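Let me begin by presenting the structure, written as structure tokens, before commenting on it.
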Amino acid sequence: MTIIITIIHVIVCFFLIVVVLLQSGKAADLAGAFGGMGSQTAFGPRGSATLLSKATTLAAALFMVTSLSLAILATRGAASTGSVLEKVKAPASTTAPAKTPQVPKNKAPGSPPVQQPPAPVKK
């Protein structure tokens, strides 16, 4: 089933590319290059839908349907085991042991006491 939808999807993609490239722009004349619309309507002159514009609409609709179908078929077969972040291993916590400051043994009398830094708190 997936192979058939993929083949249809690729054919629709090529067809959509060709149909879009064959169409002429809305302002293909010289006035379109300078911003003129040829009519005083808000969005420019609109003609009736041509065969190419109808084919573009049909090809775009088929492209969206096949894209959604392929996405649904791809996720249906995949095993959902949870979040991607749950599969990542936590890094090993390697902390260096806390160093105790060296207290001088020969302390002069009357000198201020040596303050020791607080011990690190272990979690």
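Derivation of every value follows stated rules applied to the coordinates shown; laboratory data play no part. Remember, predicted model here, so these are calculated numbers, not experimental data. In this analysis, Cβ positions are derived from the backbone assuming ideal geometry, glycine residues included, and neighbour counts consider all displayed protein chains.
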| task | Would you kindly derive the ³J(HN,Hα) couplings of the range 4-9 from the backbone phi angles with the Karplus curve 6.51 cos²θ - 1.76 cosθ + 1.60 (θ = phi - 60°), listing them in order in whole Hz, with x for Gly and Pro? | result | 5, 5, 5, 5, 4, 4
| When the chain is fully extended, how far beyond the present Cα-Cα distance does Lys87 get from Val121, taking 0.36 nm per residue of separation? | 9.2 nm
| Peptide ranges 83-93, 68-78, 8-18 listed from the most packed, as the mean C-beta count within 10 angstrom indicates | 8-18, 68-78, 83-93
